[in-house]
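Visitor: Here's a structure for you.
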Amino acid sequence: MRVSQLFYQTLKEVPREAQIPSHQLMFRAGMIQQLAAGIYNYLPLAHRSIRKLETIIREELEKKGCQEVLLPYVQPSELWEESGRWGYYGPELLRFKDRKGGDFCLGPTHEEVITDMVRRNLKSYRQLPWNIFQIQTKFRDEVRPRFGLMRGREFIMKDGYSFDIDEQASKVTYKKMYDAYTAIFNRCGLKFRAVDAATGNIGGDMSHEFQVLAQSGEDLILSCNKCDYAANVEKAVTIRKEGTPDSTLFKDMEKVHTPASRTIEEITEFLKRPMEDFIKSILYVVDEEPVLALIRGDLDINEAKLQTLLSANSVELADDKTVLDITGATTGFAGPAGLKKKVKILADYSVTGRENMVAGANEDDYHVINVNYGKDYEADQICDIAFAAAGNICPHCDGVLEEHRGIEVGQVFYLGTKYSSAMKCTYLDKDGKDQLAVMGCYGIGVGRTVAAAIEQHHDEDGIIWPAALAPYESIVLPLQMNKEEVIKTGEELYEQLKIAGIDAVLDDRDERAGFKFKDADLIGYPVQIIIGARSLENGEVEVKIRKTGEKKNMPVRDVVSFVNDYIQKEKGI
RNA sequence: CGGGAUAUAGCCUAGUGGCUAAGGCGCCUGCUUUGGGAGCAGGAAAUCGCAGGUUCGAGUCCUGCUAUCCCGACCA
């Protein structure tokens, strides 16, 4: 491609709405343009990077025996009603009617459609396993799209679904996909961690997220400083060394007047006792059922853990009226004592390992002190519902958890039979009996991965593409466009690079050298081949490596093999 | 959905009730220049987000709407 013909325009200034490096640089490099909130045009440079990533994905998935399909993104409501998600998916699902008044939605994900497609073809155990994927545009009407391609409403996703005869086979598939994802992100030249993840409302009981480590990441991950344990903070197991309470120290529970002390901060200040002495009692409505969650005052309740623990579809804080109905007090004075029969109580391990704690009295302006587990209250379940934090002990070894920020570029789920049972996706086993297919699902955010690569690889001059994702691998820069020899050498090198199978562009614009350099650095071509009149007199040109800034003079005839070797090495081939 | 902000040419901005809406980037023409976003001269490009209102007069003040961004909540 000749730069004079390339459909793009670079900008010196950053549009106000672009906040993070990948968004700013993709905009400045003429890769994307916003059409509406969270909806973007992909210009040729962006599209080339995306296609390169898609090729890597296809190659690695096909190695694992996956097959590609293309499913509709307009989907009828019936399938979503069958799975139950039409009801609780929420406004993120963009719904509309067709001319006949039929309900449809834009597909945010494709479990329903794929399960429907598979059940119509699946007859026998002999057909399985099947592992089917597509690369396609998804739409999720996010409340707050942001950060360019990082969180769009419309976005390109690779989504794959596996169907196996039983749990054991499905987990073998899961492992294969985990390995495929590792290979894919390695080929992209990304630094990432696969972390334990919550499953949210997609369901299932095992999941890993692939997190690209970057400052601007929206996710918080905790990883062990000794072993390979790593988890999303939503999922990270909380291990703390809790003492066993000594019942001989138990004092009698006593009510104290604590006017206008509703929050933990207010009450610790009022009673002059440490936060660890308090039982934070928070009332949730879990699938329309009230649940009182107890946790030590210095910790926070992790709603994702609550959801998983109760296999719930929704977890919401109770409103003021519900709090009054159940506890008999306004919000801020709830406590476990006396509520045993009125509400399900879940206690975090943290509240059961300590004597003589403080809790709300279920009466306005009163708390109770010397509250002890087993004596003054009991819970239906003692469990881990706390947010883990940096400094916690690793659940797998004696290491300590450290905090990182990550961008979730992929996630793998073991789904079990959630969708196959809801939608009757069955096969006949050896004995001629109906069995549910066991499913997994696997996603990669394609645009987000490209953006994540930029987040991880850029400097003040622009993008530094990993060779595998670069829209073009090299640029030929003839510097003096009034010198015939320079132009001719540029044309020749450009042709030779293409013949050698290297993606190259020729900057044939009649621009000054500095202008071309700035553009080349901004767009981030991994290799620049700089042709200047002076070195050309010695038969040499200069090759600059974008990643290191290193420049090297070499004879014209050596350039193609040098570039080829470098690119191959960078791509890990 | 709560809180905050913004909307002037393709992009970044100025314009604080008064003459023909100004500058930079980018774009076009010519000259000049050719190793880090050069210089000079000329030029095209704006329904000042939309709709009402106040006023002799509105980009500027008021009301409503819309869009976009930020924080939070939310998020397979």
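Every read-out reported here was derived from the displayed coordinates using simple, explicitly stated rules and does not represent laboratory data. From a predicted model like this one, the values you see are computed outputs, not experimental measurements. Cβ placement follows ideal geometry from the backbone for every residue including glycine, while neighbour counts extend to all protein chains displayed.
Visitor: Expressed as a whole number of Å, what is the distance separating the alpha-carbon centroids of region A:372-449 and region A:305-323?
Guide: Region A:305-323 and region A:372-449 have Cα centres spaced 18 Å from each other.
Visitor: For every helix of n ≥ 4 consecutive DSSP H residues, a contribution of -39,500 (n - 2.57) applies; sum these over chain A, divide by its total residues, and give [θ] at 222 nm rounded to the nearest 500 deg cm²/dmol.
Guide: Here the helix-only value at 222 nm equals -8000 deg cm²/dmol.
Visitor: What share of all Cα pairs of region A:523-573, in percent, falls into each consecutive 5 Å distance bin?
Guide: 5, 21, 29, 24, 14, 5, 2, 0
Visitor: Using 0.36 nm per residue, how much length does the chain from A:Glu402 to A:Glu13 gain when fully extended, once their Cα-Cα distance is taken away?
Guide: Full-extension gain reported as 136.3 nm.
Visitor: Assuming a strict under-25 Å limit between Cα atoms, what lysine pair count do you get for region A:402-543 once near-sequence pairs (fewer than 8 apart, same chain) are dropped?
Guide: Summing the qualifying lysine pairs gives 11.
Visitor: How many angstrom separate the Cα center of region A:204-240 from the Cα center of region A:62-133?
Guide: 29
Visitor: Using only the alpha carbons of region A:301-379, what is the convex hull's orientation-averaged projected area in square nanometres? Please list the in-between numbers first.
Guide: Working: hull surface 21.7 nm².
Directional mean of the projected Cα hull area for region A:301-379 stands at 5.4 nm².
Visitor: Additional query: Going through region A:376-427, which trypsin sites (Lys or Arg not before Pro) have at most 16 other Cβ atoms within 10 Å and a DSSP loop state? Don't skip to the answer; put the middle values down first.
Guide: On the way: sites: A:Arg405, A:Lys418, A:Lys424; in loops: A:Lys424.
Here the sparse-neighbourhood loop sites are A:Lys424.
Visitor: Quickly work out the A:Asp365-to-A:Val74 label distance, labels modelled 7 Å from Cα along the C-beta direction, and quote it in nm with one decimal.
Guide: So the label points at A:Val74 and A:Asp365 sit 6.3 nm apart.
Visitor: Can you tell me the 0 to 90 degree angle between the C-alpha axis of helix A:446-456 and the longest principal axis of chain A, rounded to 10?
Guide: 80
Visitor: Count charges around A:Glu378 for me, please; just the other residues with Cβ under 12 Å from its Cβ, Lys/Arg as +1, Asp/Glu as -1.
Guide: Values: positive: A:Lys340, A:Lys341, A:Lys344, A:Lys375; negative: A:Asp376, A:Asp380.
Taking every Cβ under 12 Å from that of A:Glu378, the sum is +2.
Visitor: By how many nm would the segment from A:Asn482 to A:Val256 grow when fully extended, if each residue of separation counts as 0.36 nm and the alpha-carbon distance is taken off?
Guide: 72.4 nm
Visitor: Quick check: the angle from helix A:111-121's long axis to the longest principal axis of chain A, C-alpha only, nearest 10 degrees?
Guide: Its long axis makes an angle of about 80 degrees.
Visitor: About its Cα centre, how strong a charge dipole does chain A have in debye, to the nearest 20, once Lys and Arg get +1 and Asp and Glu get -1 at the Cβ?
Guide: Details: 73 positive and 90 negative charges, 285 e Å.
Rounded to the nearest 20 debye, it is 1360 debye.
Visitor: Same structure again: Let's see if you can work this out: charge +1 on each Lys and Arg Cβ, -1 on each Asp and Glu Cβ, no other charges. What is the dipole magnitude of region A:304-355 about its Cα centre, in debye to the nearest 20? Write down the numbers at each step before the final one.
Guide: On the way: 7 positive and 6 negative charges, 50 e Å.
Computed charge dipole of region A:304-355: roughly 240 debye.
Visitor: Does region A:498-550 come out rounded, prolate or oblate, given a ≥ b ≥ c as the square roots of the eigenvalues of its C-alpha gyration tensor, rounded meaning a/c under 1.5 and, failing that, prolate meaning a/b above b/c?
Guide: Judged from the Cα gyration tensor, region A:498-550 comes out rounded (a/c under 1.5).
Visitor: Rounding to the nearest 20 debye, state how big the charge dipole of region A:10-81 is about its Cα centre with +1 on each Lys and Arg Cβ and -1 on each Asp and Glu Cβ.
Guide: 500
Visitor: Decide, for region A:431-562, between rounded, prolate and oblate: order the square roots of the alpha carbon gyration tensor eigenvalues as a ≥ b ≥ c, take rounded if a/c falls under 1.5, and otherwise choose prolate if a/b is larger than b/c, else oblate.
Guide: In terms of gyration-tensor shape, prolate.
Visitor: Once the convex hull of the alpha carbons of chain A is built, what does its volume come to per residue, in cubic angstrom?
Guide: Per-residue hull volume (Cα only) is 199 Å³.
Visitor: Which GluC sites (Glu not before Pro) from region A:270-345 combine a DSSP loop assignment with at most 11 other Cβ atoms within 10 Å? Could you put the intermediate results ahead of the total?
Guide: Working: sites: A:Glu276, A:Glu288, A:Glu303, A:Glu316; in loops: A:Glu288.
When the GluC sites (Glu not before Pro) of region A:270-345 are filtered for loop state and at most 11 Cβ neighbours within 10 Å, A:Glu288 remain.
Visitor: For A:Gln67 and A:Arg120, compute 0.36 nm times the residue count separating them, minus their Cα-Cα distance, and round to one decimal in nm.
Guide: Result for the pair: 17.4 nm of gain on full extension.
Visitor: Quote the FRET efficiency, to the nearest 0.05, computed for A:Asp179 versus A:Cys383 with a Förster distance R0 of 41 Å and r equal to the Cβ-Cβ distance.
Guide: That pair, A:Asp179 with A:Cys383, gives E of 0.80.
Visitor: Considering the dipole of region A:51-196 built from charges on the beta carbon (Lys and Arg +1, Asp and Glu -1) around the Cα centre, which of A:Leu71, A:Ala194, A:Leu94 is farthest to its positive end?
Guide: So the residue we want is A:Ala194.
Visitor: Could you rank the peptides A:338-348, A:524-534, A:185-195 by their average count of other C-beta atoms within 10 Å per residue, with the highest value first? Before the final figure, lay out the partial values.
Guide: Numbers: A:338-348: 18.0, A:524-534: 22.4, A:185-195: 20.5.
In descending order of packing, they fall as A:524-534, A:185-195, A:338-348.
Visitor: Another one. Positive end of the dipole of chain A, charges at C-beta (+1 Lys, Arg; -1 Asp, Glu), about the Cα centre: which of A:Ile345, A:Ile135, A:Ala452 has its Cα farthest in that direction?
Guide: My answer, from the dipole projection, is A:Ile135.
Visitor: Just grab the label-to-label distance for A:Glu266 and A:Ser311, each label 7 Å out from Cα along the Cβ direction, in nm (one decimal).
Guide: 4.0
Visitor: Something else now. Taking the simple approach of a point 7 Å from Cα along Cα-to-Cβ for both A:Gln568 and A:Thr548, what is their distance in nm?
Guide: According to this spin-label approximation, the distance is 1.8 nm.
Visitor: Hey, another quick one. What does the highest-first list of A:69-81, A:434-446, A:52-64 look like by mean Cβ count within 10 Å?
Guide: A:434-446, A:52-64, A:69-81
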